[in-house]
Amino acid sequence: MATFRDFYFKLVVVEKLMYRDKTLTPAFSLEQHMRERGVEDLDDYVEENELEFTILDEARAYFEALEIPEELLATVEELTFDGGLRVYIECAPVWDGEDDLFDVRSLDDLDLLPNLELVTGARGLEHMCPGATDILAARGVTGRC
């Protein structure tokens with residue numbers, strides 16, 4: 001199994017495989033996960049515990065422990081960096097996208113995606129990781145705004 005160095009990069013890959021391609025199963029649902037733990041209203045839980053601007057521990061633990069086979073990683077040809085990804089809502093259900101909570105800090109994990117051809121949201125990625133455009137180009141990956 002592959003080991004990711006950047007948790008936030010891993011989340012973008014999870015978005016592609018779990019929520020878009022539906023090849024990484026089962027799809028994680030924080031609401032269902034919390035309901036099984038007795039939390040009936042996730043939004044109220046987040047607000048009552050002042051967790052609006054954090055990744056819930058339950059989601060972080062799930063995604064950190066999630067193993068992604070190299071065979072699935074090899075199917076990733078495109079990634080999208082966008083504040084509206086479902087995986088972000090599964091981590092921080094009331095996150096408003098107005099901070100750097102999910103900013104990728106490193107592109108070292110590009111090595112795990114041998115067939116990556118296209119990155120959508122490259123301008124935002126460049127903002128998170130200065131030099132990202134050059135790194136992508138050096139790998140033959142097209143960056144689209």
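The values are calculated or read from the model by the stated rules, or taken from the named source; none is laboratory data. This one's a predicted model, so the numbers in the text were calculated from it and none came from an experiment. Because the Cβ atoms are built from the backbone with ideal geometry, glycine has one as well, and the counts that use them run over all protein chains shown.
Candidates Ala137, Ala122, Ala92: the one that is touching a Gly at 6+ places or on another chain (Cβ under 9 Å), over 17 Å from Lys16 (Cα atoms) and at pLDDT 95 or above is Ala137. Listed here are the helices (runs of 4 or more DSSP H) enclosed by the range 14-116 that have at least 3 residues being surrounded by 13 or more Cβ atoms within 10 Å (Cβ to Cβ) and out of contact with any strand residue (DSSP E or B) (no Cβ under 8 Å at 6 or more places or on another chain): 30-35, 42-48, 57-65, 86-91.
If you go through the range 58-81 and keep only what is of a type in the set (Asp, Glu), under 10 Å from Met1 (Cβ atoms) and more than 14 Å from the chain's Cα centre (by Cα), you end up with just Glu70. Test Leu66 against the criterion of being under 17 Å from Arg20 (Cβ atoms) and touching a residue at least 60 places away in the same chain (Cβ under 8 Å), and give yes or no. Against the criterion (under 17 Å from Arg20 (Cβ atoms) and touching a residue at least 60 places away in the same chain (Cβ under 8 Å)), Leu66 does not qualify. Determine if the range 115-135 includes at least one residue that is touching a residue at least 60 places away in the same chain (Cβ under 8 Å) and within 18 Å of the chain's Cα centre (by Cα). Checked against the condition, which is being touching a residue at least 60 places away in the same chain (Cβ under 8 Å) and within 18 Å of the chain's Cα centre (by Cα), the range 115-135 yields no hits at all.
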